[in-house]
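Colleague: Can you keep this structure in mind? I'll have questions shortly.
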Amino acid sequence: MICIDNSEWMRNGDYSPSRFQAQADAVNLICGAKTQSNPENTVGVLTMAGKGVRVLVTPTSDLGKILACMHGLEIGGEMNLAAGIQVAQLALKHRQNKKQQQRIIVFAGSPVKHEKKMLEMIGKKLKKNSVALDIVNFGEEDEGKTEKLEALLAAVNNNDTSHMAHVPPGPNALSDFFFSTVNAILP
């Protein structure tokens, strides 16, 4: 499951052309890589802001369905990281092929409002249910965001199955970062 940040913070232009478009390009790249690497792989997409957490596509191997859901997404509200991860876990619980490994990829481009303790609790729950978590940290770097995300990662990490990538702002798009490191970060 891929959790997209579609909060107001995604309007910023510190990534080319905007944070949201850079994130959408990276999501398309990841989905393409995942669905093409193995025909049994499935990918789902959800948004973490707006009127609430919304599952756009349940886990599917249909790349066209995944790419179509990315068009016309509205930017607004604040990111709810905790709810997004919990809904993603629920979507993974109801996947078709129970033998598949569960993985959540979170794009966090806005400040994290949740307490460190709450994120650690969610991380432990993911670890208990054998769900791997990959975090893409980009955009805002205030209010202890990195520290909170690292605490979440430490709580969920089991035999180095979970990863975090810090993507600095700049002229290079988010997808350029993934193009060079997609195999290293996202197994």
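Colleague: With springs only between Cα atoms under 10 Å apart, run a GNM on the chain and tell me which of PRO169, PRO39, PRO17 wobbles the most.
Modeller: Of PRO169, PRO39, PRO17, the most mobile in the Gaussian network model is PRO39.
Colleague: In terms of the Cα gyration tensor, with a ≥ b ≥ c the square roots of its eigenvalues, is the stretch 50-101 rounded because a/c is under 1.5, prolate because a/b exceeds b/c, or oblate?
Modeller: Oblate, because a/c is 1.5 or more while a/b does not exceed b/c.
Colleague: Let me ask something else. Counting only DSSP beta bridges with both residues in the chain, tell me the antiparallel percent, nearest 5.
Modeller: Antiparallel bridges make up about 20 percent of those DSSP assigns within the chain.
Colleague: Considering only protein heavy atoms and a probe of 1.4 Å, how much of the accessible area of the chain is carbon and sulfur, as a whole percent?
Modeller: 51 percent
Colleague: Show the residues, 5+ positions off or on another chain, whose built amide H is closer than 5 Å to the amide H of HIS163.
Modeller: For HIS163, whose amide H was placed from the backbone, the distant partners under 5 Å are LEU133, ASP134, ILE135.
Colleague: Compute, for LEU56, the solvent-accessible surface of its heavy atoms (probe 1.4 Å) with the complete set of protein chains present, and express it in square angstrom to the nearest 10.
Modeller: Probe radius 1.4 Å; accessible area of LEU56 about 40 Å².
Colleague: Over the chain, with the other protein chains present, what is the accessible area per residue in square angstrom, probe 1.4 angstrom?
Modeller: 49 Å²
Colleague: Still on this structure: What number, rounded to the nearest 500 deg cm²/dmol, is the helix-based mean residue ellipticity at 222 nm of the chain, given -39500 (n - 2.57) per DSSP H run of at least four residues and division by all its residues?
Modeller: Helix-only estimate at 222 nm: -13000 deg cm²/dmol.
Colleague: Here is a further query. Just read off the accessible area of VAL43 with the full protein assembly in place, 1.4 Å probe, to the nearest 10 Å².
Modeller: Counting only protein heavy atoms, VAL43 exposes about 10 Å² to solvent.
Colleague: Heavy atoms only, probe 1.4 angstrom, no DNA, RNA or ligands counted: give me PHE177, PHE20 ranked by accessible area, highest first.
Modeller: If we order PHE177, PHE20 from most to least accessible, we get PHE177, PHE20.
Colleague: In the chain, if the dipole is taken from +1 on Lys/Arg beta carbons and -1 on Asp/Glu beta carbons about the Cα centre, which of ILE4, VAL43, HIS163 is farthest to the positive end?
Modeller: VAL43
Colleague: Here is a further query. Measuring from centroid to centroid over Cα atoms, what is the spacing of the stretch 86-139 and the stretch 6-58 in Å?
Modeller: Taking the Cα centre of each part, the stretch 86-139 and the stretch 6-58 sit 15 Å apart.
Colleague: Would you rank THR58, THR35 by solvent-accessible area, highest first, keeping every protein chain in place and using a 1.4 Å probe?
Modeller: THR58, THR35
Colleague: Ordering HIS166, HIS71 by how much accessible area each has at a 1.4 Å probe, largest first, what is the list?
Modeller: Sorted by accessible area, descending: HIS71, HIS166.
Colleague: Rolling a 1.4 angstrom probe over the protein chains, ignoring ligands and nucleic acids, what is the accessible area of GLU141 in square angstrom, nearest 10?
Modeller: 110 Å²
Colleague: Choose one answer from ALA88, ALA155, ALA108: the residue with the largest mean-square fluctuation in a GNM of the chain with alpha-carbon springs under 10 Å.
Modeller: Looking only at ALA88, ALA155, ALA108, the biggest GNM fluctuation is shown by ALA155.
The values are calculated or read from the model by the stated rules, or taken from the named source; none is laboratory data. Because the structure is a prediction, the values reported are computed rather than measured. Every residue, glycine among them, receives a Cβ derived from its backbone with ideal geometry; neighbour counts consider all protein chains shown. All accessible areas refer to the heavy atoms of the entire protein, side chains included, with ligands and DNA or RNA removed. Shrake-Rupley method; radii C 1.70, N 1.55, O 1.52, S 1.80 Å.
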